[in-house]
Structure formats: C-alpha cells, structure tokens
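Read-outs: derived from the displayed coordinates by stated rules, not from any lab. Quick caveat: nothing in here was measured; it's all calculated off a predicted structure. For neighbour counting, all protein chains shown are included, and Cβ atoms are generated from backbone atoms with ideal geometry for every residue, glycine included.
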Amino acid sequence: MKDLDALLKAVAEGLEAMAEGIHSIAKKVGDLAKGQAPKKPAKAKPAAKKKAVAPSGKKTKKTKAVGTKAQTAPDKVLEVIKGSNNGVDNQTIIRETGLNQKQVSSALLRLKKYGKIKSVKRGVHTAI
C-alpha cells in the first residue's frame, strides 16, 4: 500500500510540474498573440580574460611568430614527391609525412587537380 501511495505521489508531482510548464508556454503564446515579445532571461556575461603579466609586474603582449605557417597536407605530400626523382608510391608518402591514407588520398587528388603532380602508374606519383 505504501508503494502505491509513493507512486501516486510521484505521478501527482510530475503532473504538477507539467502543468506549470504548460502554463508558462500558454502565457508566452498569449503574449505573442497580443503582439508582445516574450521576455528572454538575461544571459550571464563571460568573465573577462586576464592579461598576461611578466614577472616584473608589467603587462605583456602576446605575439605570434612572424612568417610561420602550418604546413598543409598537400604541401607535405608535394614536398615528399619533389624529393624523389623516380616518383613515390602512396605507402612511402604515408610513412614520410605521418598522414593517414585518407589525408594522403585527398592531398593527391587536390595536387592532381591543381596540376602540380601526375601519376606515372597506379599509386606512383611524380611532380610536374
């Protein structure tokens, strides 16, 4: 009997919570029907970032390295291909660049599209 009472109490609380949600939705729909914009809850602003401070107590500026650019997969693949006189196969490219098969295939397709390489035979590529 206690289990049934607990179950009924839980169901009643759930229905009350649903009723509050439905009431809130009905109020928003009513406001929209009257032409009033629904009130949005205020968003919390993110905390401001602290600036880096040098050991001397002065504020420091973060600087980026000038002239350094990350090498793309096609750049890496082209570099390996240009380093070979007789052409390079896919497995050698994978081994020397550290890229996976999908990355190498995509890079080779892009390089062929741009006219930078050609396939000597299936799976062997050379620079143009």
Q: Compute the length gained on full extension between ALA26 and VAL124: take 0.36 nm times their separation in residues and subtract their Cα-Cα distance, giving the result in nm to one decimal.
A: 28.5 nm
Q | Segment GLU96-ALA6, extension gain: residue separation times 0.36 nm, minus the distance between their alpha carbons | A | 25.7 nm
Q: Describe numerically, in nm with one decimal, the distance between label points set 7 Å from Cα along Cα→Cβ at ASP75 and at TYR114.
A: 1.0
Q | Share of pairwise Cα separations in region 70-128, more than 15 Å, in percent | A | 36
